[in-house]
Structure formats: C-alpha cells, structure tokens
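The values are calculated or read from the model by the stated rules, or taken from the named source; none is laboratory data. Predicted model only: the values in this text are computed from it and were never measured. When we count neighbours, we look across all protein chains shown, and the Cβ atoms used for this are built from the backbone with ideal geometry, even at glycine.
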Amino acid sequence: MTLDQTRDPLLDSKVLRFRVGADCTNVVRYSDLNGFREISVAATCVIGLQWGDEAKGKLVDLLAPRHDIVVRYQGGANAGHTVVSGKEVYKLHHIPSGILSSSIMNVIAPGVVIEPNMLIKEIEGLEARGVQPRKNLMISERAHVVMPWHFVEDRATNRAVIAGESIGTTNRGIGPCYRDKVGRTHAVRITDLYSDDLRTKIKEIVDAKRILLSPLAEPAELETLDADKIYDQCIAWSKSLGSLAADTTNYLLDELDAGKKLLMEGAQGSLLDIDHGTFPFVTSSNASGVGVSGGSGVPARWIDNVIGVAKAYSTRVGGGPFPTELNDATGQKIRDIGREYGTTTGRPRRCGWFDAVAVRYTARLSGIHYLSLMMMDVLSHFDELYVCVAYELHGERITRFPCRAEDLKHCKPVYEKLPGWNQDVSGVRKLEDFPLNARKYIDRISELISVPVGVLSVGPDREQTIFLI
Ligand code: GDP
Ligand code: IMO
Ligand code: MG
C-alpha cells in the first residue's frame, strides 16, 4: 500500500458550502468552488459515479414525490435497484423507482432495452404486493426488445475472454440487444410487436441468427430458437403490455412544456459507460450523465440538476480493473456489513476503498452539481480508513483517470489514511450528530472530488437519510 505523505489528513479540510431552496423542484441555490448560483430546475438526474449499485434506487424513491415523472432511459434488466419502504423491500429491474408513489408517472424511455418476460413478472410481482404499476407506467414504443436469441448470444460471448478476463455480464442479453439496435437489420422494437408483418420479421431474424450464432452457441441453445414459438410469445407480450406502450418522447416534451418536473433515473454507473468507462469492461449504454438526453429524448437544455451517487467505499461486480480492490479480510468485512451481493445476479460484489481519482473523473464527466454519499454506516467500525488520491503507473504518479483498462490494471493506488470513527452512525439524522472523524471523511471526499455533498445515507431505510439541501 502506498500512502500519500504530502498532506496531513487531520488538517481541517475546507467544508464546501451548499444550499438548496426548500422546494428543490423549483429552484436550486448552491454555492460551490465557482461561486453562488441559482437555477430553475426542469429535469433532475440521479447518476451512479462508480461501477453501479451506488443505491440510486433508494435516492430516486425518496426524491420522486418532489417530481411529476420518473424516467428510466438506458440499460435494462441488468439493473437491480432496491427500494425499501418500511418492512417491504422492492427490487426493480426495468420499472423506475418512483413506482411506489402512485401519483407519479413512470416512463421507460427509448434508450432502455426491454425484456418483456421480466418486465411482466416485475409488474405482476408488484401487483401481488398491492402496488398497481399499470396505472402509472408507460413504456416507449421506440424501445428495443431483448429477444430470446440475445440471451443465447450473451451467454456464448460471455464464455470468451478478453486479455485473460471475461466481462462477466449479467447474462440479460443487454450487449447483444444494443448490438442489434445499432446494426438495425435484426432489431425488434416494442412497436414491432403490434405490426402486421411480425411473423415474417421473426422468421427472417431467427433464420439469420441460427446461422450467425452457430459457431458460438451450443446446439441445444440454438434449438431453443423456434420462430413459431417466439412469435406466439411476442403476441402474448403485446397483449400484456398493450395498454402501456406509448410515444414517450412526445409525451415528455409536452409535459416539459407544461412545466412538469422530471426525475431521470440512471442505471449502472459512470465507470461502466460504453464510451467513457473502463472499456471493454463496461455495459453497452451511456451509463454516465452524458446518456440522459440521448436515451430519454429530453433535450439537454432542460437538464439542470445532476446528483451523483457514490458509496463511501467502492464495489464492482463482474470483470475488469479495480485499483482499490481489497482481496483480504477488510474487503470481506465491507462485503459482510454492506451485504454486498448483486441485486440482479446475487454474485458477491468486489469491495475496496473509496477511489477519489475515479469519482473525481466521473463527477466531472457526469457534470454533477452535488454528491449523495451512501453507506456511511458500513464504515462505522474501522480504526482507519483509506482514500485513493492518486495512482502510481509505471513509477509515475498520476491523478488523471486513464483511458485504457490495461493501464488501470497496472495502477497502484496512492492512499491517504484517515482515522475511522468506530461508532455506529446508522441512527444519525443530522450532520452535526456525526462523529468528528466521519465529518472529516465526508469533507475530505467532497474536497477531493471538488463537489459539495448534498445527501448522506446511513442505512437502506428512507429515514436513514440526511438531506443537507
Ligand atoms: P442501485 O442499483 O444503485 O439502486 O443499488 P442496489 O439496490 O443494487 O444496491 C444498494 C443496496 O444498498 C441495496 O440493498 C440498498 O437497500 C442498500 N442501501 C442503500 N443505502 C444504504 C445505506 O446507506 N447503507 C446501507 N447499509 N445500505 C444501503
Ligand atoms: P445497477 O443499475 C452493477 C455490470 C456487469 C458486468 C458489466 C456488463 O443496479 O447499478 P451487462 O449485463 O450490462 O452487459 O454487463 O456491467 N453491470 C452492473 N454492475 N450494477 C448494475 O446495474 C450493472 N449492470 C451491469 O456486472 O460487469
Ligand atoms: Mg443495483
């Protein structure tokens, strides 16, 4: 471990000032390093700043009642967003995390890839628990459909390795569906489920896929691709989803014109962004703030409040470089206390210290106005904590996040040591009630990423949240 000796971590760090008006949906006033600003907000975004699972679902559920519409705009059933309401725990994959607020519309926009079987199961699962998602859910006719052949392709390509490592996808058909969307020839959109030539389209694609996939897939996997059965399945999907399919693009534009407030719910995290993340160990969509406009159809000029969500430490599921990963008892301790197991796949999440180099990069990339720092309670019982403030790459100290996964793999974290607080903070409800060392930890992260902290989370429940706004 390399420690940064250039700074005394016990020095009082400069607390970044931060203020937001009482009605967060109308006016945000904040002051950051660039001075005091006041803006009117039409669309607020919640964006993950790490490798996903930053607790975006919890924050979206909490902010939803201050908005009119919640929008999911990228990713698909690879996402697993947890919302805890009293004793009830909801795990959402496609459906936006505003669904528990019955007066708020929830939109699945064109940039999402929809797996209808799972979406229908999600809807039915909610209905069985007394939620009525069919009353306040819309899905875009433009969204692409994850078809059975995409699962075959995802499993087959997942068996391949890149530079000795597999991407370790969620096996939800995400990459292959986005690949067909960009390729266009073999794509199926929600609107196609209602078209007269659906049977012909399915037959043509299945014939092509059986040839294209035969060198990669097992014969038994190819056998599952039966055009007639898939057509029947599509008809069942179209009947079940029929009333939900709509032109969400024009709907959102109309609602914005009418002064409605939108909450954009990012999936995955900025380091998994297809263009700006740790490629090729990423997902297939723009999971950072840059993806909001393209995926939703909401022009950038409406998007004026971006909240970055990060854990007080780091996690990653699947393959790829992770400089601050702890393959030791400390990593296991974080995993155990934080219950760090995948919401979608159940895989153990890789755990490590907070990486300020990575989060400073993603905070800038996603253009965040303030940080929501989650899981502070998980760090309750540590004598000392480490924050990565730079990397050492081939003997050189760098603070710029590298572009190549291969370089990131060779980056050794340079750590700053901070004292732990050795005190349970899960019951803290006011900033002033945090132990001094916890406040110093928060301040130091804020300072390192040059963004004020607006929300703190000390547990999964709604009330375990401290809004500094
Ligand atoms: P998402 O994909 O970003 O929505 O996050 P996930 O739902 O996959 O993972 C976050 C997990 O942490 C969920 O199980 C949440 O219930 C839980 N959680 C949220 N906030 C906190 C917190 O402050 N402390 C702890 N201990 N757990 C939290
Ligand atoms: P939420 O929205 C964490 C990871 C996978 C894999 C890589 C590519 O819950 O934060 P994919 O199936 O998308 O092709 O897999 O991305 N991944 C996630 N990791 N949280 C997620 O979503 C993820 N969605 C995809 O583990 O490494
Ligand atoms: Mg998740």
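Residues in region 76-97 that are in a loop (DSSP other than H, G, I, E, B), more than 16 Å from ligand 3 (Cβ to nearest atom) and on the phi < 0 side of the Ramachandran plot: LYS87 only. Of everything listed in (1) more than 16 Å from ligand 3 (Cβ to nearest atom); (2) modelled with pLDDT of 95 or more; (3) under 17 Å from ARG129 (Cα atoms), the single unmet condition for VAL113 is (3). Out of all the residues in region 432-444, is one or more acidic (Asp, Glu) and surrounded by 15 or more Cβ atoms within 10 Å (Cβ to Cβ)? The answer is yes, given that some residue of region 432-444 is acidic (Asp, Glu) and surrounded by 15 or more Cβ atoms within 10 Å (Cβ to Cβ). Can you find even one residue in region 332-351 that is within 16 Å of ligand 2 (Cβ to nearest atom), part of a strand (DSSP E or B) and among the charged types (D, E, K, R)? Checked against the condition, which is being within 16 Å of ligand 2 (Cβ to nearest atom), part of a strand (DSSP E or B) and among the charged types (D, E, K, R), region 332-351 yields at least one hit. Applying the condition of being over 24 Å from the mean Cα position of the chain (by Cα) and within 13 Å of ARG360 (Cβ to Cβ) to region 382-398 and asking which residue is surrounded by the most Cβ atoms within 10 Å (Cβ to Cβ) yields TYR391. Taken over region 293-309, the residue count meeting the criterion of being under 23 Å from THR169 (Cβ atoms) and within 15 Å of the chain's Cα centre (by Cα) is 2.
Considering every residue within region 395-410, establish whether at least one is modelled with pLDDT under 95, assigned by TED's automatic domain parsing to the domain that holds ASN305, farther than 30 Å from ALA43 by Cα and touching a helix residue (DSSP H, G or I) at 6+ places or on another chain (Cβ under 9 Å). No, region 395-410 contains no residue that is modelled with pLDDT under 95, assigned by TED's automatic domain parsing to the domain that holds ASN305, farther than 30 Å from ALA43 by Cα and touching a helix residue (DSSP H, G or I) at 6+ places or on another chain (Cβ under 9 Å). Considering the conditions (1) away from ligand 1 (no atom under 16 Å from the Cβ); (2) surrounded by 14 or more Cβ atoms within 10 Å (Cβ to Cβ), PRO215 is excluded by exactly one of them, (2). Annotation: of all residues in region 98-110 being in a loop (DSSP other than H, G, I, E, B) and not small (Gly, Ala, Ser), the one that is surrounded by the most Cβ atoms within 10 Å (Cβ to Cβ) is ILE99. Of everything in region 116-143 that is in contact (Cβ under 8 Å) with a residue 60 or more places away in the chain and of a type in the set (S, T, N, Q), the residue that is surrounded by the fewest Cβ atoms within 10 Å (Cβ to Cβ) is ASN117. State which residue is farthest from CYS403 (Cα to Cα) when the search covers only region 318-331 and only residues that are in a helix (DSSP H, G or I) and in contact with a strand residue (DSSP E or B) (Cβ under 9 Å, 6 or more places away or on another chain). Here the answer is THR330. Residues of region 114-162 that are of a type outside the set (D, E, K, R) and over 22 Å from SER285 (Cα atoms): ILE120, ILE123, GLY125, LEU126, ALA128, GLY130, VAL131, GLN132, PRO133, ASN136, LEU137. Considered as a group, the residues in region 314-330 that are within 26 Å of ASN158 (Cα to Cα) and without any contact (Cβ under 8 Å) to a residue 40 or more places away in the chain include one that is nearest to ligand 2 (Cβ to nearest atom), and that residue is GLU325.
For region 158-173, residues that are assigned to a loop (DSSP other than H, G, I, E, B) and crowded, with 17+ Cβ neighbours inside 10 Å total 5.
Scanning region 416-432 for residues that are outside any loop (DSSP other than H, G, I, E, B) and at pLDDT 95 or above turns up GLU416, LYS417, LEU418, PRO419. Which of the residues belonging to region 144-157 are farther than 24 Å from GLY320 by Cα and either small (Gly, Ala, Ser) or in a helix (DSSP H, G or I) (or both)? Passing the criteria: PRO148, TRP149.
The listed residues are VAL113, VAL146, and the only one of them that is surrounded by 23 or more Cβ atoms within 10 Å (Cβ to Cβ), touching a residue at least 60 places away in the same chain (Cβ under 8 Å) and within 30 Å of ARG462 (Cβ to Cβ) turns out to be VAL113.
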